[in-house]
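The values are calculated or read from the model by the stated rules, or taken from the named source; none is laboratory data. In this text the structure is predicted, and so the values were computed from the model without any measurement. Cβ coordinates were reconstructed from backbone atoms using ideal geometry, including for glycine residues, and neighbour counts include every protein chain displayed.
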Amino acid sequence: MRKTFIKQGYLGILVFVSLCVVSMIYYPGGTIIDSSTVGYLFFYNFFSNLGEWTAKNGESNLFSAYLFNTSMLVLALSYSLFYFNFLKVIINKSKNILLKSLLITSISISLLGFVFVAIFSSETSTFSLHILFVKIGFYSLFIHCIIQTIFIYSIKLPNNILFKSTFSFTTIMFLFVLMMEFGPNPFENNQSLFIQVTSQKIIVTSILIYYFVQIREGLILESSN
């Protein structure tokens with residue numbers, strides 16, 4: 001049963017990517033800079049634009065919004081099922097109760113943050129709440145990655161793939177947090193928008209790749225137990 005809960009992560013990634021792609025295809029158009037653009041522009045539209053009930057060009061975006069918000073909830077549920085079963089595989093390799101508690105607390109806060117990102121879209125009426133939960137989601141994920149890097153290093157796994165991937169992802173998260181706080185304002189011009197949207201696409205891709213690696217390594221560790 002534990003292996004099944006870990007393996008379902010592959011399906012979670014597939015569903016998330018599939019729903020996002022379809023949501024992008026049906027997005028009517030418009031960016032935060034230019035409302036006259038047509039369709040979803042990969043390097044000028046945030047993922048958050050997909051979750052808005054009204055597209056930036058003023059047209060209804062109900063279909064894309066339902067798909068994207070569903071994809072967010074599916075990924076959060078999938079990762080929750082995966083991670084708490086993944087923890088059962090590695091948790092007994094350490095006696096550090098503090099690290100274990102911090103791992104569970106930080107990932108729980110992060111996942112809840114991303115759930116609320118889906119609930120509160122980036123439209124004007126809920127924009128401030130949307131940004132708040134985006135920051136809660138990513139900041140707590142960054143903290144979680146630091147803790148997980150320390151935890152995985154401390155348990156001395158047979159191979160260091162999981163440690164290397166966790167350390168690499170933590171570094172990418174650190175750079176993304178810097179971009180969020182000190183990067184150019186995406187509302188200023190298209191160049192600034194391009195930089196911020198591209199950084200968002202990189203971090204989401206990195207999250208999916210890291211999730212994939214964790215699933216694979218989790219299955220290997222489960223089989224070796």
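Of all the numbered requirements in (1) of a type outside the set (D, E); (2) crowded, with 20+ Cβ neighbours inside 10 Å; (3) more than 19 Å from Q214 (Cα to Cα), K95 misses one, and that requirement is (2). Inspect the stretch 199-207 for any residue being out of contact with any helix residue (DSSP H, G or I) (no Cβ under 8 Å at 6 or more places or on another chain) and among the hydroxyl-bearing types (S, T, Y) and give the result as yes or no. Scanning the stretch 199-207, I find at least one residue that is out of contact with any helix residue (DSSP H, G or I) (no Cβ under 8 Å at 6 or more places or on another chain) and among the hydroxyl-bearing types (S, T, Y), so the answer is yes. Checked against (1) touching a residue at least 60 places away in the same chain (Cβ under 8 Å); (2) over 20 Å from I32 (Cβ atoms); (3) out of contact with any Ser or Thr (no Cβ under 6 Å at 6 or more places or on another chain); (4) among the β-branched types (V, I, T), I155 passes all but a single condition, namely (3).
May I ask you to verify whether G29 is closer than 22 Å to E188 by Cα and either surrounded by 15 or more Cβ atoms within 10 Å (Cβ to Cβ) or touching a strand residue (DSSP E or B) at 6+ places or on another chain (Cβ under 7 Å) (or both)? Talk me through it step by step, then tell me what you get.
Details: closer than 22 Å to E188 by Cα: yes; either surrounded by 15 or more Cβ atoms within 10 Å (Cβ to Cβ) or touching a strand residue (DSSP E or B) at 6+ places or on another chain (Cβ under 7 Å) (or both): yes.
Spelling it out, G29 is indeed closer than 22 Å to E188 by Cα and either surrounded by 15 or more Cβ atoms within 10 Å (Cβ to Cβ) or touching a strand residue (DSSP E or B) at 6+ places or on another chain (Cβ under 7 Å) (or both).
Just to verify a result, which residue in the stretch 164-188, among those that are surrounded by 20 or more Cβ atoms within 10 Å (Cβ to Cβ) and among the aromatic types (F, W, Y), is farthest from I131 (Cα to Cα)? Residue satisfying both the conditions and the ranking: F169. Would you check which residues across the stretch 185-208 are over 27 Å from K164 (Cα atoms) and either touching a residue at least 60 places away in the same chain (Cβ under 8 Å) or assigned to a loop (DSSP other than H, G, I, E, B) (or both) and list them? Once the filter is applied, which keeps residues that are over 27 Å from K164 (Cα atoms) and either touching a residue at least 60 places away in the same chain (Cβ under 8 Å) or assigned to a loop (DSSP other than H, G, I, E, B) (or both), the stretch 185-208 yields N185, P186, F187, E188, N189, N190, L193, F194. Exactly one residue out of Y40, Y10 is within 29 Å of Y83 (Cβ to Cβ) and of a type outside the set (A, V, I, L, M, F, W, C): that is Y10.
Looking at S64, S101, S48 in this structure, which one is surrounded by fewer than 16 Cβ atoms within 10 Å (Cβ to Cβ) and either farther than 24 Å from K3 by Cα or not acidic (D, E) (or both)? Step through it out loud before you land on a result.
On the way: S64 fails: surrounded by fewer than 16 Cβ atoms within 10 Å (Cβ to Cβ); S48 fails: surrounded by fewer than 16 Cβ atoms within 10 Å (Cβ to Cβ).
Exactly one residue qualifies, and that residue is S101.
The single condition among (1) under 26 Å from Y211 (Cα atoms); (2) without any contact (Cβ under 8 Å) to a residue 24 or more places away in the chain; (3) surrounded by fewer than 17 Cβ atoms within 10 Å (Cβ to Cβ) that F42 does not meet is (2). Scanning the stretch 120-160 for residues that are closer than 18 Å to F212 by Cα and either surrounded by 19 or more Cβ atoms within 10 Å (Cβ to Cβ) or modelled with pLDDT of 90 or more (or both) yields L141, F142, H144, C145, Q148, T149, I152. In the stretch 1-21, the residues that are touching a residue at least 60 places away in the same chain (Cβ under 8 Å) and of a type in the set (D, E, K, R) reach residues that are buried (at least 16 other Cβ atoms within 10 Å of the Cβ) and assigned to a helix (DSSP H, G or I) with C-beta atoms within less than 8 angstrom, at least six apart or across chains, in these pairs: R2/N85; R2/V89; R2/E222; K3/L219; K3/E222; K7/I215; K7/L219.
Being within 26 Å of L41 (Cβ to Cβ) and either without any contact (Cβ under 8 Å) to a residue 40 or more places away in the chain or over 22 Å from the mean Cα position of the chain (by Cα) (or both) narrows it down to one of S94, S60, S80, S64, so name that one. Result of the check over S94, S60, S80, S64: S60.
Results for (1) part of a helix (DSSP H, G or I); (2) closer than 21 Å to Y79 by Cα; (3) among the hydrophobic types (A, V, I, L, M, F, W, C), shown as yes or no for each residue.
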| position | (1), (2), (3) |
| --- | --- |
| I131 | yes, no, yes |
| Y139 | yes, yes, no |
| I143 | yes, yes, yes |
| F151 | yes, yes, yes |
| L162 | yes, yes, yes |
